[in-house]
């Protein structure tokens, strides 16, 4: 029987048949803000279904909102579960293996070589460089997409995650794994908006970082709610604005003076205060994660 309404988010979580097997709170790390809340999701093993290397674990974090952290963990699990799936042969959305020249000869629209990001010529010429230039004659995998409301073909190398599995490893590797822009939302429009904001965030970060651009500091005490979020922790917090013409983008740096450890976070939101809180939350999470990488037997490696 076809569904007439969306299932609740909880339907994704089941120990036997769920995409997510379970969601559990993460033990509160020493020195973290008391309001720091983290949930981890145990994701079903998609590899049992074929060449589908979806992430087995996802994490959701908030300041003082366990339900929000639960939703974030499940949403990230679904995001990676779907993003790592290539529609199989015979599926209506099956990708197509072709060169850009072949698609152009068929008068197909494509988001192709001239419009895509590429490495510098000197990089392609360097011995052992792992990426090949996507030219009109480079064999590639293409997926159906939409550009300005019109159907087109886009390279799977930029639209999917760990797609180079099995026989597909024979195709030239033209781009690095692209996590920026993949998102889960409450409906298509919400997911698209979240994905676009993530792209804006990475665009602002890359331009600001690599071009050593200017910035303006933000007093953490001026961000509504952030003082309460950070109460009771010994981290030094610094926040700056990353220049962007599209939406407020913020970078945060936390410093743990006791461990001599730094961690950064970045965010883009329509509300600059929300962007600042999200960047700090991400920086705190990166600080927590980094502690698990310091020792050779840290929990990250287990």
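In this structure, does residue 32 turn out to be closer than 21 Å to residue 164 by Cα and crowded, with 17+ Cβ neighbours inside 10 Å? So residue 32 fails the test. Residues in region 184-214 that are closer than 28 Å to residue 99 by Cα and touching a helix residue (DSSP H, G or I) at 6+ places or on another chain (Cβ under 6 Å): there are none. Can you find a residue that is part of a helix (DSSP H, G or I), within 28 Å of residue 31 (Cα to Cα) and free of Cβ contacts under 8 Å to residues at least 40 places away in the same chain anywhere in region 222-230? Checked against the condition, which is being part of a helix (DSSP H, G or I), within 28 Å of residue 31 (Cα to Cα) and free of Cβ contacts under 8 Å to residues at least 40 places away in the same chain, region 222-230 yields at least one hit. For residues that are in contact (Cβ under 8 Å) with a residue 40 or more places away in the chain and part of a helix (DSSP H, G or I), scanning just region 152-166, find the one that is nearest to residue 99 (Cα to Cα). The extreme case among them is 156.
Conditions tested, residue by residue: (1) touching a residue at least 24 places away in the same chain (Cβ under 8 Å); (2) under 21 Å from the mean Cα position of the chain (by Cα).
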position	(1), (2)
249	yes, yes
275	yes, yes
292	no, yes
296	no, no
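Does residue 288 satisfy being closer than 17 Å to residue 36 by Cα, part of a helix (DSSP H, G or I) and in contact with a strand residue (DSSP E or B) (Cβ under 9 Å, 6 or more places away or on another chain)? Yes, satisfied. When the residues of region 173-185 are filtered to those that are over 10 Å from the mean Cα position of the chain (by Cα) and exposed (fewer than 15 other Cβ atoms within 10 Å of the Cβ), the one that is modelled with the highest pLDDT is 173.
The residues on offer are 273, 264, 279, 283, and the sole one that is at pLDDT 95 or above, surrounded by fewer than 22 Cβ atoms within 10 Å (Cβ to Cβ) and part of a helix (DSSP H, G or I) is 273. Restricting to region 207-221, and then to whatever is within 26 Å of the chain's Cα centre (by Cα) and in a loop (DSSP other than H, G, I, E, B), can you tell me which residue is surrounded by the most Cβ atoms within 10 Å (Cβ to Cβ)? Filtering first and then ranking leaves 215.
Restricted to region 1-111, the set of strands (runs of 3 or more DSSP E) holding at least 1 residues that are free of Cβ contacts under 8 Å to residues at least 40 places away in the same chain and under 30 Å from residue 236 (Cα atoms) comprises 20-25, 36-43, 57-63.
Checked against the criterion of being out of contact with any strand residue (DSSP E or B) (no Cβ under 8 Å at 6 or more places or on another chain) and under 30 Å from residue 8 (Cβ atoms), the candidates 117, 88, 121, 66 yield just one match: 88. Checking each residue in region 231-241 for being part of a strand (DSSP E or B) and touching a residue at least 40 places away in the same chain (Cβ under 8 Å) picks out 237, 239. Within region 279-290, residues that are in contact (Cβ under 8 Å) with a residue 24 or more places away in the chain sit with their Cβ atoms under 7 Å from residues that are crowded, with 20+ Cβ neighbours inside 10 Å and in a helix (DSSP H, G or I), at 6+ positions apart or across chains, in these pairs: 280/226.
The values are calculated or read from the model by the stated rules, or taken from the named source; none is laboratory data. Predicted model only: the values in this text are computed from it and were never measured. Cβ sites come from the backbone with ideal geometry, for glycine too, and all protein chains shown count toward neighbours.
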